[in-house]
Amino acid sequence: MGILVLLCLFGILTGCADQAKLAKEQLAEESNPDRQQIQIFAMDTIMDLKVYDKDGEKAKDALLTCEKEINRLDGVLSATRESSEVSKINQNAGKEPVVVGEDTKELLNFAKEMYRETEGAFDITIAPVVSEWGFTKEEKKVPAKEEIQKLLQKVDIEKLSLDGENAFLTEEGMSIDLGGIAKGYTSDLVTKILKEKGIAHGIVSLGGNISAIGTREDGGKWKVAVQNPLDENDYVGVLEVSDLSVVTSGGYQRYFEQDGVRYHHIIDPKNGYPANNGLLSVSIICPQGQKADVLSTALFVMGKEKALDYWRKRGGFEAVLVTEAKEVLVTSGLKESFTYHEREGFSFTVVQ
Ligand code: AMP
Ligand code: MG
């Protein structure tokens with residue numbers, strides 16, 4: 001879980017004055033009688049939804065609708081459930097097109113668009129390689145070089161054909177993995193439901209993909225901590241947000257070690273190995289959860305220079321990068337909303 005809502009970080013908030021203030025705020029949130037909360041296990045992760053409303057029944061109903069929608073989407077997008085649309089697309093690779101619903105269609109179209117925009121850094125057809133590393137299984141291992149080369153030939157989203165309601169992986173052995181995008185897509189639907197149900201204040205965390213609904217009930221912004229990738233009990237700074245998604249990708253989130261080397265789950269589609277371009281984590285802040293989810297993965301693959309160039313060229317989002325050189329780099333749009341938490345050995349820069 002890359003970013004934690006500070007409200008979940010009470011345990012580590014001891015010591016200096018700003019931490020004490022944050023802890024006090026958290027206590028106030030927890031004892032707020034307007035709060036309704038649910039936790040759901042879906043998409044292989046824990047999802048935590050909190051909403052605040054004077055009308056408890058309305059809030060409960062909104063959360064229940066979200067829960068149903070999340071479970072429905074899990075059934076459609078899961079790569080591990082045999083009956084899901086995604087599994088059917090994978091099972092029929094090289095055989096025949098599969099009829100898919102609106103969600104899958106929209107998501108796959110967006111994934112294709114982002115593949116082009118990120119010049120291949122984000123590619124959902126990386127699945128055969130991710131699977132060979134064992135990230136979707138119990139047993140993880142470093143694959144043989146030849147095996148990676150062979151599987152890379154099956155990685156190319158341009159060979160995913162989308163035609164009306166049909167989705168078709170045109171070569172046998174191809175498959176798709178929505179691990180880098182599905183939670184973001186889901187968070188946008190959840191946000192939409194909550195807004196439609198008249199919920200003005202809430203904070204949704206889908207396995208670390210955070211979406212802030214409106215403000216806090218007292219009008220203050222939501223505070224979201226950006227984790228220190230080198231210490232899970234620490235954070236490098238705090239973002240103040242409203243009506244925004246905050247999504248983090250980092251090598252520290254899922255990894256294994258073999259012969260003293262650490263291998264993580266974000267694969268560079270150019271070579272089939274865990275991306276190793278000098279970044280420890282990338283957090284993306286923008287209104288659309290789906291876009292934030294894709295970009296956090298893609299910019300992590302790109303590395304610092306390319307990621308910042310991408311931000312300068314495209315815009316429409318802000319980012320916090322933590323590099324292996326212990327730099328905390330924050331794009332200029334976050335100047336007012338990010339508070340750096342000074343750490344020994346770390347440096348802090350606002351990037352133009
Ligand atoms: P995230 O945690 O959002 O950065 O997504 C990482 C997950 O996305 C991994 O666990 C894989 O399932 C999948 N993935 C890994 N590398 C890539 C990539 N280059 N493009 C798209 N998806 C990827
Ligand atoms: Mg992602």
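The values are calculated or read from the model by the stated rules, or taken from the named source; none is laboratory data. Everything numeric in this text was worked out from a predicted model, so none of it was measured. Ideal geometry is used to build each Cβ from the backbone, glycine not excepted, and the neighbour counts take in all protein chains shown.
Table for the structure above
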{"read-out": "Yes/no for Asp74 being surrounded by 15 or more Cβ atoms within 10 Å (Cβ to Cβ), over 27 Å from Leu295 (Cβ atoms) and modelled with pLDDT of 95 or more", "value": "no"}
{"read-out": "Leading residue by the ranking (farthest from ligand 1 (Cβ to nearest atom)) among those in region 210-239 that are of a type in the set (D, E, K, R) and under 18 Å from the mean Cα position of the chain (by Cα)", "value": "Lys223"}
{"read-out": "Qualifying residue in region 261-281 (condition: at pLDDT 95 or above, closer than 29 Å to Ala23 by Cβ and in a strand (DSSP E or B))", "value": "yes"}
{"read-out": "The lone exception for Leu244 - which of (1) away from ligand 1 (no atom under 15 Å from the Cβ); (2) at pLDDT below 95 it fails", "value": "(2)"}
{"read-out": "Residue ID - surrounded by the most Cβ atoms within 10 Å (Cβ to Cβ), chosen from residues in region 290-306 that are within 14 Å of ligand 2 (Cβ to nearest atom) and more than 9 Å from Ala121 (Cβ to Cβ)", "value": "Leu295"}
{"read-out": "Flag if Ala79 is within 24 Å of the chain's Cα centre (by Cα) and modelled with pLDDT under 95", "value": "yes"}
{"read-out": "Lone unmet requirement of (1) of a type in the set (D, E, K, R); (2) within 16 Å of ligand 2 (Cβ to nearest atom); (3) at pLDDT below 95 for Glu138", "value": "(2)"}
{"read-out": "Evaluation of Tyr255 against (1) more than 18 Å from the chain's Cα centre (by Cα); (2) surrounded by fewer than 20 Cβ atoms within 10 Å (Cβ to Cβ); (3) within 16 Å of ligand 1 (Cβ to nearest atom) (one fails), failing number", "value": "(1)"}
{"read-out": "Residues within region 167-196 that are surrounded by fewer than 17 Cβ atoms within 10 Å (Cβ to Cβ) and either within 16 Å of ligand 2 (Cβ to nearest atom) or over 20 Å from the mean Cα position of the chain (by Cα) (or both), tallied", "value": "6"}
{"read-out": "Selection count, region 239-260, where residues are among the small types (Gly, Ala, Ser) and in a loop (DSSP other than H, G, I, E, B)", "value": "3"}
{"read-out": "Candidate set: region 307-337, residues that are under 22 Å from Lys221 (Cβ atoms) and of a type in the set (Ser, Thr, Tyr); chosen: the one surrounded by the most Cβ atoms within 10 Å (Cβ to Cβ)", "value": "Thr331"}
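Residues checked against (1) free of Cβ contacts under 8 Å to residues at least 40 places away in the same chain; (2) closer than 29 Å to Val190 by Cα:
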residue	(1), (2)
Gln288	no, yes
Tyr310	no, yes
Gly315	yes, yes
Ala325	no, no
Val328	no, no
Ser347	yes, no
Val350	yes, no
